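Participant: What follows is a single structure, and I will ask about it in a moment.
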Amino acid sequence: MSAPDRAELQQIAQLVEMNRERLQALEQQVHRLEEVRLEQVRAIMSLEAIPEDGATDVMIPLGGGVQIIADVSAEAGAVVDIGSGIQAERTRVEALEMLNSRNQELMQLMDQMKTEFDETEKVVLDLANQFNDGVAILQEDAIEEEPPSQTETPPPKRSRRKRGTDLTLDD
């Protein structure tokens, strides 16, 4: 490997930083997707907990720690967000199928993002190693180019001025 110059090292450092930022973004996206997936899992569990013949005195969360008590009839469906803020009423079975399908899609997307994260992490490690190697080469070159150090001379002694033979505080 030829000795890299400072501009190349700076470019490598910028690439490392850019890829680290990409890693952070991927990590945040995976975290948000995991939250959505867990919310859907809770919805699936809630729908599955309702018996086919309905239930009475069911507590339905409204948010903010508030729940409402209601009766769920056997033929009651669920209102599902089908995208773009549009909601549609579906049977509980259809709602479960939609949620399970969405969860599968989320898992696949998260797996893809984790794979991308791993690949980007490998690139960051390779670039960081390349940067460190380049810095080491530059430091070795700088040491070789340094002129041989001269023998150290002791600092000059201060001459004392004496006026007469009387001792002073400077003596």
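The values are calculated or read from the model by the stated rules, or taken from the named source; none is laboratory data. Treat the numbers as computed from the prediction; the structure is a model and nothing was measured. As a convention, Cβ positions derive from the backbone with ideal geometry for all residues, glycine included, and neighbour counts pool all protein chains shown. Please note that ligands, DNA and RNA were not included when accessible areas were found on the heavy atoms of the full protein model with its side chains. Shrake-Rupley method; radii C 1.70, N 1.55, O 1.52, S 1.80 Å.
Participant: Within the range 118-131, can one find any residue that is among the basic types (Lys, Arg) and closer than 30 Å to residue 15 by Cα?
Facilitator: Yes, the range 118-131 contains a residue that is among the basic types (Lys, Arg) and closer than 30 Å to residue 15 by Cα.
Participant: Just for the range 81-93: of the residues that are more than 17 Å from residue 49 (Cβ to Cβ) and at pLDDT 90 or above, which one is least open to solvent (accessible area, probe 1.4 Å)?
Facilitator: 88
Participant: Something else: Among 78, 88, which is the only one that is under 27 Å from residue 33 (Cβ atoms) and free of Cβ contacts under 8 Å to residues at least 12 places away in the same chain?
Facilitator: 88
Participant: Among the listed residues 120, 151, 165, identify the single one that is modelled with pLDDT of 65 or more and among the β-branched types (Val, Ile, Thr).
Facilitator: Going through 120, 151, 165 in turn, the sole match is 120.
Participant: Could you say which residue among 48, 8, 34 is in contact with a helix residue (DSSP H, G or I) (Cβ under 9 Å, 6 or more places away or on another chain), open to solvent by 100 Å² or more (accessible area, probe 1.4 Å) and in contact (Cβ under 8 Å) with a residue 40 or more places away in the chain?
Facilitator: 48
Participant: OK, next. Just to verify a result, which residue in the range 51-63, among those that are open to solvent by less than 90 Å² (accessible area, probe 1.4 Å) and not hydrophobic (A, V, I, L, M, F, W, C), is farthest from the chain's Cα centre (by Cα)?
Facilitator: Here the answer is 54.
Participant: For the list (1) over 30 Å from residue 111 (Cα atoms); (2) under 35 Å from the mean Cα position of the chain (by Cα); (3) open to solvent by less than 70 Å² (accessible area, probe 1.4 Å), I need the number of the one condition that residue 72 fails.
Facilitator: If we test residue 72 against (1) over 30 Å from residue 111 (Cα atoms); (2) under 35 Å from the mean Cα position of the chain (by Cα); (3) open to solvent by less than 70 Å² (accessible area, probe 1.4 Å), just (2) comes out false.
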